[in-house]
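Quick note: the coordinates plus some simple rules give every number you see, no bench work behind them. For clarity, every value in this text was computed on a predicted model and none was experimentally measured. Note that we place each Cβ from the backbone using ideal geometry, even for glycine, and neighbour counts take in every protein chain shown.
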Amino acid sequence: MNQRIITVFLVLFVLSGCATLPPLQEMSNARQTISAAKELSEHAAEDEKILEAERLLARAQRRIEVNLYDSARQDALRAQKEAIEFIEKAISKNSEIKNSD
């Protein structure tokens, strides 16, 4: 019976470790999206959405350093969302300009 309990605890421990991995892919995705936004528009670095995305990404990095992986993951996802919203707005604005010509 004791061995069964120990086995169950070991399995739970291993599974919990898998759920709390650093959000490296989310961080990479956010960085790439911010970079794409900056390539799309020369004004991106000054835009409120991109500045917020960079702030969230920096906070996510600090959270990773202290093992707050879930919070870091959420920040990285929000950073990517901000950058995507900027890209969508920039594309829409470019489309409007082309259609008015």
- Query: Per-residue ellipticity at 222 nm for the chain, helices alone: DSSP H runs ≥ 4 residues times -39500 (n - 2.57), over residue total, nearest 500 deg cm²/dmol?
  - Reply: -29000 deg cm²/dmol
- Item | For Rg/Rh (Cα atoms, Kirkwood Rh), calculated from these coordinates, the label among [x] 1.25; [y] 1.06; [z] 1.28 | [z]
- Message: Sorting check: for 41-47, 84-90, which peptide has the highest mean count of neighbouring beta carbons within 10 Å, and how do the rest follow?
- Response: 84-90, 41-47
- Message: At a threshold of 8 angstrom on Cα-Cα distance, excluding pairs fewer than six apart, so keeping six or more, what relative contact order does the chain reach in percent?
- Response: 32 percent
- Contour minus end-to-end for S92 and N29, with contour as 0.36 nm per residue of separation and end-to-end as the Cα-Cα distance? 20.5 nm
- Full extension between T7 and L40 adds, at 0.36 nm per residue less the Cα distance, a length in nm of 6.5 nm
